[in-house]
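Participant: One structure follows; several queries about it will come next.
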Amino acid sequence: MSNRTYDLIKNTALVLAPIVTLIMTILQALKIIDNEVGILIASAIDTFLGSIVVVAKKIYDEDRKKNKKKKKS
């Protein structure tokens, strides 16, 4: 995964998706919309994107660790 792709997924998961979920939740609480399904879908997508970010970060950290060991040798 390229850095640009990782940053896009990370920013979407950490900023955009929670904002969308918050807005939808507030609108539903104020009875402006009645869309529990939309909130559930937004939450599920955010959870999935968060998982991708965690896995990608772990892979990146492991690669950095391997590269440091190679440079010391």
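Each reported figure results from applying straightforward, stated rules to the coordinates on display, with no laboratory input. This structure is a prediction, so every number in the text was calculated from the model and none was measured. Neighbour counts are summed over all protein chains in view; Cβ atoms, including those assigned to glycine, are modelled from backbone coordinates with ideal geometry.
Participant: How about segment 24-73: which trypsin sites (Lys or Arg not before Pro) there are in a DSSP loop, with at most 16 other Cβ atoms within 10 Å of their Cβ?
Facilitator: Passing sites in segment 24-73 are Lys31.
Participant: With θ set to phi - 60° and the Karplus curve 6.51 cos²θ - 1.76 cosθ + 1.60, what are the ³J(HN,Hα) couplings of segment 51-58 in order, to the nearest whole Hz, using x for Gly and Pro?
Facilitator: Calculated HN-Hα couplings, in order: 5, 4, 4, 5, 5, 4, 5, 5 Hz.
Participant: Continuing with this model, one more query. Using only the Cα atoms, work out Rg/Rh for segment 1-52, with Rh taken as the Kirkwood radius, to two decimals.
Facilitator: 1.09
Participant: Give me the extension gain from Thr47 to Thr5: residue separation times 0.36 nm, minus the current Cα-Cα distance, reported in nm with one decimal.
Facilitator: Between Thr47 and Thr5, full extension yields 13.4 nm more.
Participant: Considering only lysines 8 or more places apart in sequence, or on different chains, count the pairs in the chain whose C-alpha atoms sit under 24 Å apart.
Facilitator: The number of close lysine pairs in the chain is 17.
Participant: May I pose another question? So between Leu14 and Ile33, what do we pick up on full extension, going 0.36 nm a residue minus the alpha carbon distance?
Facilitator: Residue separation times 0.36 nm, minus the Cα-Cα distance, leaves 4.4 nm.
Participant: Can you compute the FRET efficiency between Ile26 and Val54 using 1/(1 + (r/R0)^6), with r the Cβ-Cβ distance and R0 = 30 Å? Round to the nearest 0.05.
Facilitator: 0.60
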